[in-house]
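What follows is a set of notes on a single structure, which appears directly below.
The values are calculated or read from the model by the stated rules, or taken from the named source; none is laboratory data. Model, not experiment: these values are computed from the prediction. Cβ placement follows ideal geometry from the backbone for every residue including glycine, while neighbour counts extend to all protein chains displayed. For accessibility, only protein heavy atoms count, side chains too; no ligands or nucleic acids. Shrake-Rupley method; radii C 1.70, N 1.55, O 1.52, S 1.80 Å.
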Amino acid sequence: DFMMLVADRAFKHTRTNGVLSDAKAIERWLILSNALYLPVIPESARWGDSIETNIVRSRDTDWNNEQVFIGNLLPGNGEALLSSMRSHGFYPNVAPPLFSQPDGVVTLPFQFALAHTNGSGDIYYTLDGSDPRLPGGDVNPAAVLYTGPMPIFQSTRVQARVLSAGNWSALNEAVYG
């Protein structure tokens, strides 16, 4: 149960708006690097120039190049984290279901649809805010086996998992309203 909770949090925080998503990581890096943009000028004076090659070291060349270099390292780190967790047994091999539309404001009634990312297993979902998986791994009696698009008539939290050969995926959730 604890490892499933870890997987749920890892998936939640590495997806589109999660704190470990590519967009959020790049946003944090830009805030940090922009805050250092002016203070790095006096720091660059300490770097000195290259005697061997007569290269002048400065913020506008050295610092800016490093900013770009670090910015290019960030995309894909969330997926790399999940992959590493999976290879060490800390994340399930069953991929969470995909929602037809990310959470947010929608025009009601709204048809939500779910899909497999790896094509195997049954998708279970709940609309009451409970987890489709009970502690211990049983299917929640409130969970519904997904068979096709479903209408939503009011603000609703949808929580979904895939169950494949006795193994659950991480939880994927969306709030529509």
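Give 103, 138, 62 a once-over and let me know the one that is open to solvent by 40 Å² or more (accessible area, probe 1.4 Å) and touching a strand residue (DSSP E or B) at 6+ places or on another chain (Cβ under 6 Å).
Working: 138 fails: touching a strand residue (DSSP E or B) at 6+ places or on another chain (Cβ under 6 Å); 62 fails: touching a strand residue (DSSP E or B) at 6+ places or on another chain (Cβ under 6 Å).
The conditions single out 103.
Quick check on my filter: what residues within segment 81-100 are open to solvent by less than 40 Å² (accessible area, probe 1.4 Å) and not small (Gly, Ala, Ser)?
To start, the set of residues in segment 81-100 that are open to solvent by less than 40 Å² (accessible area, probe 1.4 Å) comprises 82, 85, 91-92, 94-97, 99.
Listed by number, the residues that qualify are 82, 85, 91, 92, 94, 96, 97, 99.
Within segment 101-110, track down each residue that is under 12 Å from residue 158 (Cα atoms) and part of a strand (DSSP E or B). Walk me through it before giving the result.
Looking only at segment 101-110, we keep the residues that are under 12 Å from residue 158 (Cα atoms), and these are 101-104.
Hit for segment 101-110 is 104, nothing else.
Return the only residue of 68, 162, 94, 139 being free of Cβ contacts under 8 Å to residues at least 60 places away in the same chain, among the aliphatic types (A, V, I, L, M) and closer than 18 Å to residue 1 by Cβ. If you could, list the steps in order and put the result at the bottom.
Details: 68 fails: closer than 18 Å to residue 1 by Cβ; 162 fails: free of Cβ contacts under 8 Å to residues at least 60 places away in the same chain; 94 fails: free of Cβ contacts under 8 Å to residues at least 60 places away in the same chain.
After ruling out the rest, the residue left standing is 139.
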